[in-house]
Amino acid sequence: MQDAPPLIDLYTLPHKAIRAAVAHAAMTVGATDPDGIAEAASAVGEALGELAAHAAHEEEFIDPLLERRLPDAAIEVAEQHRRLGATIDGVLRQRDGALAVAPEQPGAVLGLYRALQRLAAENLLHLDHEETVVMPALWVVTPPHELQELMASFRAAHPDAAALYRRWPAALAATERRLVGVGEASTVPAPERQGPSYPKPRSGAVTSGR
Ligand SMILES: [Fe+2]
């Protein structure tokens, strides 16, 4: 009997990089004194930029598939994306507020740290839902060739998508790095951190404080 083709997983590898980006930003802010807010804000922008770029990819390529194959799951995913988007926007405002008032108000950095960790918690649950609920459901109802075509379309539209893994190489196992063509399998290459970032901080933003 012929072996079944390997299952195409749309989520796990990019999600590893996304988790690393948010965790890196959260740790950076946690390790920041009030006079280092600019650097911390930059790390936050980097993480939010990764989240935004990833969300745009899902919206363009995966959401139509969910609508077609799993319309009920699509509703739940869309709601999670909506909530996550609102949380991300809140963290962006918190970041801009912290930039405006630190170091005179040292607690602003701690507020940003906690807001970012709440975002991390929400994001972790969302990513886990996509990986452990949505993806297995897609495997049941989607012909493998359709997932292969989706990946081919994605790679054609985003030929440098593997740059995500070059920015966060330590997020992947050696075999996964080899799979996506990032560095030597046995070593973790140095990160190339020129990724997407949120645009410059909004002026006059206020700290949402929670
Ligand atoms: Fe998502």
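Values in this text are rule-based calculations from the coordinates and carry no lab data. Computed from a predicted model, the values in this text were never measured in an experiment.
Miscellaneous remarks
- In percent, rounded to a whole number, the relative contact order of segment 12-179 is 35, using alpha-carbon pairs under 8 Å and six or more apart.
- With all projection directions averaged, the alpha carbon convex hull of the chain covers 13.0 nm².
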